[in-house]
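Peer 1: Just dropping this structure here.
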Amino acid sequence: MTRTWLNFCVDALAAVEFAFLASTGLLIHALLPAGSGHWLTLWGLDRHAWGALHFWVAMAMLATVGVHLALHWKWVVCVVGGKPKDHRRLRLGIASALAVAVLLALATPFTATIRSQAPGDVEVADRGAVRADHEAGDAPLLSGRTTLGELQAATGVTPAMLAQELGVNGVLEPSDRIGPLRQHLGMEMTELRAAIERAESLRGGANPEQSEPGDTERGD
């Protein structure tokens, strides 16, 4: 294989990987948004599966770019070094800045602080509205962006309880959102609200408050 043909294959592979990353990125953002979980799929793959595929193709493209740089390393050295009179210091400064930027971009995911936050501790407008209406004695005000974790924090209805009430085959996650779940089941929001209220009433009936010893019926 000639050097020219090798360069063409590497560049063509990089172009295909870039196109795949762009298309899967748009797919995940637009067609399989956050909260869709395993309810929305494309060709049998849900958001998480497409995200994993997107990641590994990105790693493959990173390796391809590394091969591309290795094949053109002499050209890179010539461009950066050049002749002393051709603004060599400026070129070296730009090349150094680019190298530092690339290293920082690669190191950031491994040096950033990861914080864990339970769904019930996240303050969002949707859950606040659900809790406010529930505490006021009204039917919970739900929206498509409300997660099951937020619903549980407001009403006490767990994802497992809701799955049992809806007859869902599978596991509902706290990160699942009301909108995609409703669309998957083909339900109206009023029907889903009624199911939540039934699950909440069953929850209350399954755990009745025990009377205090002093409240027992006294004999004559």
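The values are calculated or read from the model by the stated rules, or taken from the named source; none is laboratory data. Everything quoted here is computed from the prediction, not taken from an experiment. Cβ sites come from the backbone with ideal geometry, for glycine too, and all protein chains shown count toward neighbours.
Peer 1: Given the condition modelled with pLDDT of 80 or more and either surrounded by 12 or more Cβ atoms within 10 Å (Cβ to Cβ) or part of a loop (DSSP other than H, G, I, E, B) (or both), answer yes or no: does some residue in segment 134-146 qualify?
Peer 2: Checked segment 134-146: at least one residue is modelled with pLDDT of 80 or more and either surrounded by 12 or more Cβ atoms within 10 Å (Cβ to Cβ) or part of a loop (DSSP other than H, G, I, E, B) (or both).
Peer 1: For residue 46, work out the one condition from (1) farther than 30 Å from residue 176 by Cα; (2) acidic (Asp, Glu); (3) modelled with pLDDT under 85 it doesn't fulfil.
Peer 2: (1)
Peer 1: Right, next: Which one of these does residue 32 not meet: (1) touching a Leu at 6+ places or on another chain (Cβ under 6 Å); (2) within 30 Å of residue 172 (Cα to Cα); (3) at pLDDT 85 or above; (4) not acidic (Asp, Glu)?
Peer 2: (3)
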